[in-house]
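Undergrad: If you scroll down you'll find the structure; I have some questions about it.
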Amino acid sequence: MKDIKKIVEERILILDGAMGTMLQRNKFTEEDFRGDRFKDWPVPVQGNNDLLSITQPEAIKEVHRLYFAAGADIVETNTFSGTTIAMADYEMEELVYELNYESAKIAKEVADEFTKKEPHKPRFVAGSIGPTNRTASMSPDVNDPGYRAVTFDELRIAYKLQVEALLDGGSDILLVETIFDTLNAKAALFAIEEVKDERGVDVPIMISGTITDASGRTLSGQTAEAFLISVSHIPMLSIGFNCALGANQLTPHLEVLAQKAEFGVSAHPNAGLPNAFGEYDETPEEMAEQIKEYMDKGLVNIIGGCCGTTPEHIYAIAELAKNYKPRTVGITV
């Protein structure tokens, strides 16, 4: 298969859209989440989307198919919460390897299906590594600012298990995403480098932070440039931003990355900002119109969608991207 590092310099690659948004359409009940295997599980599991890779694998496959059919080059595995730390909420720490392995395997099967049909457009699987629900840089207790709910080493160990399973299942890329605390991300990147060394493999890495509000900083207080500097010791395929903001609000932060990053730049924004009901109203056409600015300015190499985006959004973005060249990797704009 053609090296993705080459392809990212030849054309703008399309990443998929939201998994959760698509799964919500199925209106899965507690029983659907449990399936037969977990019908007697002692705690509620509804909302544990990662579990659906085991209990509803066809639904997950269908989401991947829809995104590939819409024009995606890369789909993300259904593993955003696939660490022992995040799975502790459901008392499912023991299932972490299986969840990640099965999720990667499902995505890879669909990717291979599409690559076989269109060998000129190879499809890739990005193993999705989320931020966990704990932060290594900040205290969850306002009365005890020195307290930490998790250590760097605990994060490293949890991420290492996830990385091993994602690679065993067939992931082509590892995507450390929705980074609100760079120290958490550093633990994930440390774990990835450990696995790469142990296995003697080279895996392309995508890193994607999240700017949490109008201040233009991550939750742990970094600007776009500070975030870039603090992870640039890692060889990577791309760096970018996702989630929290719509496409418009991300533009100035992507401009910083595009000027200063020596590798590809990615973006997968939300479909606008959530409304009063937590839903996303931005249409595919509206979102594509905003993303056009990224392409007009030559800011991106990889583009997709986060919360609220659907195959329709990805199709609109993919059609637009056909008319543009990617940002020149390693050269400032």
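Undergrad: Report, by residue number, each residue of region 262-309 that is touching a strand residue (DSSP E or B) at 6+ places or on another chain (Cβ under 7 Å), closer than 13 Å to PRO326 by Cβ and in a loop (DSSP other than H, G, I, E, B).
TA: PHE263, LEU299, VAL300, ASN301, listed by residue number.
Undergrad: Those residues that are within 15 Å of ALA158 (Cα to Cα) and touching a strand residue (DSSP E or B) at 6+ places or on another chain (Cβ under 9 Å), I need them from region 92-126; list them, please.
TA: As a first pass, look at region 92-126 and keep what is within 15 Å of ALA158 (Cα to Cα): 92-101.
The answer is ASN100, and nothing else.
Undergrad: Test TYR97 against the stated conditions and say whether it is part of a helix (DSSP H, G or I), open to solvent by 30 Å² or more (accessible area, probe 1.4 Å) and among the hydroxyl-bearing types (Ser, Thr, Tyr).
TA: Values: part of a helix (DSSP H, G or I): yes; open to solvent by 30 Å² or more (accessible area, probe 1.4 Å): yes; among the hydroxyl-bearing types (Ser, Thr, Tyr): yes.
Yes: the conditions hold for TYR97.
Undergrad: What pairs come out if I take residues in region 140-157 that are within 17 Å of ASN184 (Cα to Cα) and pair them with residues that are acidic (Asp, Glu) whose C-beta lies under 6 Å away, six or more apart or interchain?
TA: Matching pairs, first to second residue: TYR147/ASP141.
Undergrad: Still on this structure: So, in region 4-40, of the ones that are of a type outside the set (Val, Ile, Thr), without any contact (Cβ under 8 Å) to a residue 40 or more places away in the chain and open to solvent by less than 70 Å² (accessible area, probe 1.4 Å), which residue ends up farthest from ILE291 (Cα to Cα)?
TA: Keep residues of region 4-40 that are of a type outside the set (Val, Ile, Thr), which gives 5-6, 9-11, 13, 15-20, 22-28, 30-40.
If we keep only those that are without any contact (Cβ under 8 Å) to a residue 40 or more places away in the chain as well, we get 6, 24-28, 30-40.
If we keep only those that are open to solvent by less than 70 Å² (accessible area, probe 1.4 Å) too, we end up with 28, 30, 32-35, 38.
Values: PHE28: 32, GLU30: 37, ASP32: 36, PHE33: 35, ARG34: 39, GLY35: 40, PHE38: 42 Å.
Here the residue is PHE38.
Undergrad: Report yes if some residue within region 69-87 is among the polar types (S, T, N, Q), over 21 Å from GLY305 (Cβ atoms), at pLDDT 95 or above and open to solvent by 10 Å² or more (accessible area, probe 1.4 Å); otherwise report no. Please lay out each step first, then the result.
TA: Our first condition is that a residue be among the polar types (S, T, N, Q); within region 69-87, this holds for 77-79, 81, 83-84.
Going one step further and asking which of them are over 21 Å from GLY305 (Cβ atoms), we end up with 83-84.
Checking the rest, the ones that are also at pLDDT 95 or above come to 83-84.
Filter again for open to solvent by 10 Å² or more (accessible area, probe 1.4 Å), leaving 84.
Checked region 69-87: at least one residue is among the polar types (S, T, N, Q), over 21 Å from GLY305 (Cβ atoms), at pLDDT 95 or above and open to solvent by 10 Å² or more (accessible area, probe 1.4 Å).
Undergrad: Of the residues that sit in region 141-196 and are among the polar types (S, T, N, Q) and under 28 Å from ASN270 (Cβ atoms), which one is surrounded by the most Cβ atoms within 10 Å (Cβ to Cβ)?
TA: Of the residues in region 141-196, the ones among the polar types (S, T, N, Q) are 143, 151, 162, 171, 178, 182, 184.
Now drop any that are not under 28 Å from ASN270 (Cβ atoms), which leaves 162, 171, 178, 182, 184.
Values: GLN162: 32, SER171: 30, THR178: 21, THR182: 23, ASN184: 25.
Going through the qualifying residues, I end up with GLN162.
Undergrad: Residues of region 225-238 being within 18 Å of the chain's Cα centre (by Cα), of a type outside the set (Val, Ile, Thr) and either on the phi > 0 side of the Ramachandran plot or not in a loop (DSSP other than H, G, I, E, B) (or both), which ones?
TA: Across region 225-238, the qualifying residues are PHE227, LEU228, SER238.
Undergrad: Mind checking which residues of region 139-154 are part of a loop (DSSP other than H, G, I, E, B) and either closer than 20 Å to ASP89 by Cα or basic (Lys, Arg) (or both)?
TA: Within region 139-154, SER139, PRO140, ASP141, ARG148, ALA149, VAL150, THR151 qualify.
Undergrad: If SER137 passes every condition in (1) in contact (Cβ under 8 Å) with a residue 24 or more places away in the chain; (2) out of contact with any Asp or Glu (no Cβ under 8 Å at 6 or more places or on another chain); (3) within 21 Å of ALA191 (Cβ to Cβ); (4) open to solvent by 20 Å² or more (accessible area, probe 1.4 Å) but one, which one does it miss?
TA: With respect to (1) in contact (Cβ under 8 Å) with a residue 24 or more places away in the chain; (2) out of contact with any Asp or Glu (no Cβ under 8 Å at 6 or more places or on another chain); (3) within 21 Å of ALA191 (Cβ to Cβ); (4) open to solvent by 20 Å² or more (accessible area, probe 1.4 Å), SER137 is out only on (2).
Undergrad: Ok, one more. Condition first: among the polar types (S, T, N, Q) and open to solvent by 10 Å² or more (accessible area, probe 1.4 Å). Now tell me which residues in region 264-308 satisfy that. Break it down stepwise before answering.
TA: From region 264-308, those among the polar types (S, T, N, Q) are 266, 270, 275, 283, 290, 301; that's our starting set.
Passing the criteria: ASN275, THR283, GLN290.
The values are calculated or read from the model by the stated rules, or taken from the named source; none is laboratory data. Given the structure is predicted, the values throughout are model-derived calculations rather than measurements. We place every Cβ from the backbone using ideal geometry, glycine too, and count neighbours over all the protein chains shown. Note: areas computed on protein heavy atoms with side chains; ligands, DNA, RNA excluded. Shrake-Rupley method; radii C 1.70, N 1.55, O 1.52, S 1.80 Å.
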